[in-house]
Amino acid sequence: MQTVFSIAVDALAYGMVLFVISIGLSVTMGLMRVVNLAHGAFAMIGGYIASYAARDLGLGYGLAVLLAVFGTIVIAVPIERLLYRRIYGAPELTQVLMTIGITFCIIGIANYAFGPTLKTIPLPPGLEGSVDLGFRSIATHRIFAILCGLSVAAALWYLIERTGFGVKLRAAVDDAAMAAALGVRTEIVYAVSFAVAVGLAALGGVVGAELLPVEPYYALRYMVTFLVVVSVGGAGSISGALIACLLLGGIDTAGRYLVPEFGEFFFYLAVIAIVCVFPRGLAGRIR
Amino acid sequence: MKRTIIAALAALTIGGAAQADTIKIGVIGPFSGPFALQGKNFKAGIDAYMALNGSKVGDDDIEVIYRDVPQPDPAQSKALAQELVVKEGVQYLAGFYFTPDAMAVTPLLEQANVPLVIMNAATSAIVTKSPLVVRTSFTLWQTSTPIAKVAKDAGVSKVISVVSDYGPGVDAENAFKTGFEAAGGQIVEAIRMPLATNDFSPIMQRIKDSGAEGVFAFLPSGPTTLGFVKAFNENGLKDAGIKFFAPGDLTQESDLPALGDAALGIQTTFHYAVSHDSPENKTFVEAAGKAIGNPAELSFPSVGAYDGMHVVYKMIEATGGEQDAQKAVDAVKGLAWTSPRGPVSIDPESRHITQNIYLREVTKAEDGSYYNKEITTFEKQGDPGLAALK
């Protein structure tokens, strides 16, 4: 029984870290219909900014997180205006080629500017160490990651389902021309949602940095995992992404605990099975 | 008339070749991509050697030509080696960070009449693949065997082994197991984790549940190491008094600033620490630090490359610049010198380097930086892995 609890706690923590990083990608792919392979690169930029702010400038963790999120948005908005705007509605291959190109550029720049070594983001004393749960101990920053995941999920759900902006966004996604005819400034809606998605990527990059350390190849190293989460969850669905993260986190963690020799066999087996049964993901929107 | 001129020109070129020539050395390694740091270290070691010893051997100029294989890719490595030999006319091949890349090149050596000096790839078997291979780095058997004795001496008799599931990981597991069981210890469990593991908490839980008093771990240096060591501390294994043993890949100098306090007290055995206290190493670190730009990025592949260049220079000296691979390799068999890592020699039989292995502990220096502090020396260690192959 203790083993089951133990696996469940680890799975929840890992799943939530995956969720915080991947949900931004789910927004760009599902709501904006852009296959954004540069998502990992934006998460990495967030990580670098936070690391620089907290370690080299000595700022507090909270301030570093805010700087990372807004700094990444400031970097990403010109990229959106100059490059991404051209590929909205373009064929997927065009989008893939351009975003992977951006990724390689960012990797090169990060490597040149910060060097190839690992960068850490020092945690505040409150998040260091571990908490005793009675049957085992868990790192405090993982509890923080779980809380971040839950609040991000709630905030996004509220934004998309309950606010005027959410209505405009959903209208622009379903029929951009009609929405524009009705007076919705679609380019602003797109720019704002892109900024939100990038900000979430940066937040995920910072919060997940203890599990996925920041280094130049971060941008590509974990991209497959993020894409798997989005395709299993169904692009654009918050609840889908949440379920997918918990499910995949659970399978991966249980597999690694019980039969580590099989490696990622069960993880990918589950992915294949889910995608066979639900080709559009667990909660995919029907186009 | 025309024919005479051509003949004269040909005679001139051939005559010139015998006197002063440019001898080319082809170096293959990861100079871009996720392992670029290790390639950078190769280059730093080579540049340092040439800065200290000149770029001439006798009358011959030495030219190093680099080729990039970002990730383990035997086919590309072989193609590049062929290109270096045929198009560039290199007389020596060197470098190689990954075992499969080096293995793919060994069948070419005899026909190309080119010796291969391995500056890193650490699987025991490579030297048996061709008589023209010389290695100046280390093997996992060589670095992992002494730690078994350290573990037993520390009063630990039950150990769980946790390694990444790939060639060197399996080598490390076997080396430790052989050494530890010979010392009278017991391996309670051996776990092989997939290379792409990000979250190590479940593994830590398993270590805890196994009831072992110590853990032997091997992961390739880089991002995963950080996650592993952090998970070890955060899941309360350090506080529970479980001892941590590993070969030095886990605490390579360029990862230490990121590992920070989490790594304090970890004991590893390895052939080289940047902090090694000797005049030779001081000179080396200064030159290599200048070559790499940022001295904090200096790590063990640089010393393998530095000594590799030493071996190549000795080969060129012995052959007088003529291309004769067998003669060149024979000339360095038994060669002994003082490397930045301490006294070393090339074992005449295996053509692998015999060297001291040091037990080190991660320690905080007075200026707040972290380094591997050498505690004990295991002198003149050969490669036990070759004996295990037979």
Output the peptides B:153-165, B:251-263 sorted from most to least packed, where packing is the average of other Cβ atoms within 10 Å over each peptide's residues.
B:251-263, B:153-165
Please give every one of the aspartates and glutamates within straight-line cross-link reach of residue A:168, meaning a C-alpha to C-alpha distance under 18 Å, and leave out same-chain neighbours fewer than 8 residues apart.
A:187
Once both label points are put 7 Å beyond Cα along the C-beta direction, the residue B:56-residue B:166 separation in nm becomes 4.3
Treating only Lys and Arg (+1) and Asp and Glu (-1) as charged, each at its beta carbon, one finds that chain A has a dipole about its Cα centre, in Debye to the nearest 20, of 660
At R0 = 25 Å, FRET efficiency that the Cβ-Cβ distance of residue B:349 and residue B:32 yields, to 0.05:
0.10
Mind checking the full-extension length gain between residue A:185 and residue A:77? Use 0.36 nm per residue of separation minus the Cα-Cα distance, one decimal, nm.
37.2 nm
Expressed as a rounded percentage, what relative contact order does chain A have, with Cα pairs under 8 Å and six or more residues apart?
36
Can you tell which of B:359, B:69, B:53 lies farthest toward the positive end of the dipole of chain B, using +1 and -1 charges on the Cβ of basic and acidic side chains (Lys, Arg; Asp, Glu)?
B:69
If contacts are Cα pairs under 8 angstrom and at least 6 residues apart, what is the relative contact order of region A:36-180 in percent?
21
Mind checking which helices in chain B clear 24 Å along their axis (Cα) and have mean Kyte-Doolittle hydropathy of -1.0 or more, DSSP H runs only?
B:2-19, B:36-53, B:300-319
Computed on Cα atoms, the radius of gyration and Dmax of region A:2-277 in angstrom are 18.7, 60
Going toward the positive end of the dipole of the protein assembly as shown, with +1 on Lys and Arg Cβ and -1 on Asp and Glu Cβ, which of B:309, A:220, A:169 do you reach last?
A:169
Taking neighbour Cβ counts within 10 Å as the exposure measure, how do A:276, A:245 sort from fewest upward?
A:276, A:245
Going residue by residue through region B:374-385, the Karplus relation 6.51 cos²θ - 1.76 cosθ + 1.60 with θ = phi - 60° gives ³J(HN,Hα) values, rounded to whole Hz and with x marking Gly or Pro, of 6, 10, 10, 10, 9, 7, 6, 8, x, 10, x, x
So which residue, out of A:265, A:70, A:226, gets the largest mean-square fluctuation from a GNM of chain A using Cα contacts under 10 Å as springs?
A:265
Looking only at lysines whose Cα falls under 18 Å of residue B:87's and that sit 8 or more positions away or on another chain, we get B:24, B:78
Per-residue mean of other chain beta-carbon atoms within 10 angstrom of the beta-carbon, peptide A:256-264?
6
Expected unfolding gain across residue B:79-residue B:366 under the 0.36 nm per residue rule, minus the alpha-carbon gap, is 98.4 nm
Determine, for B:367, B:47, A:252, B:347, the number of other Cβ atoms within 10 Å of each Cβ, and report the residues in order from fewest to most.
B:367, B:347, B:47, A:252
In peptide B:188-200, how many Cβ atoms from other protein chains are near each Cβ within 10 Å, on average?
5
Taking the dipole about the Cα centre of the protein assembly as shown, with the C-beta of Lys and Arg at +1 and of Asp and Glu at -1, give me whichever of B:178, A:147, A:137 is farthest to the positive side.
A:147
For residue B:387 and residue A:273, extending 7 Å from Cα along the Cα-Cβ vector and measuring point to point gives, in nm, a value of 4.8
With an 8 Å Cα cut-off and a minimum separation of 6 or more residues, compute the relative contact order for chain B in percent.
18
Can you list the residues, at least 5 places off or on another chain, whose amide H is less than 5 Å from the amide H of residue A:130, using H built in the peptide plane?
A:140
Nearest-0.05 FRET efficiency for residue A:266 and residue B:275, computed from C-beta distance (R0 35 Å):
0.20
Per residue of B:252-260, count partner chain C-beta atoms within 10 Å of its C-beta, then hand back the mean as an integer.
3
Under 5 Å between amide hydrogens, which residues at least 5 positions from residue B:339 or on another chain qualify, with H placed 1.01 Å from N in the peptide plane?
B:344
If you put +1 on each Lys and Arg Cβ and -1 on each Asp and Glu Cβ, how big is the dipole of the protein assembly as shown around its Cα centre, in Debye rounded to 20?
1560
Could you sort out which of B:43/B:314; B:282/B:373; B:243/B:282; A:119/B:208 sit more than 23 Å apart by Cα distance in this structure?
B:243/B:282; A:119/B:208
How much FRET efficiency would the formula 1/(1 + (r/R0)^6) give for residue A:155 and residue A:94, where r is the Cβ-Cβ distance and R0 is 41 Å, rounded to 0.05?
0.80
Relative exposure of A:272, B:23, judged by other C-beta atoms within 10 Å (fewest first):
A:272, B:23
What is the distance, in nm, between label points placed 7 Å from the Cα along the Cα-to-Cβ direction at residue A:1 and at residue B:186?
2.9
Rotationally averaged projected area of the protein assembly as shown (alpha carbon convex hull; nm²):
34.9
To the nearest 500 deg cm²/dmol, what mean residue ellipticity at 222 nm is calculated for chain A from DSSP H runs of n ≥ 4 alone, each contributing -39,500 (n - 2.57), summed and divided by the residues?
-22500 deg cm²/dmol
Helical mean residue ellipticity (222 nm; -39500 (n - 2.57) per DSSP H run of 4+; nearest 500) of chain B
-13000 deg cm²/dmol
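FYI, it's all coordinate maths here, none of it is from the lab. Just so we're clear, the structure is a prediction, and the values are computed from it rather than from any experiment. Please note: Cβ atoms are built from the backbone with ideal geometry, for glycine as well, and neighbour counts cover all protein chains shown.
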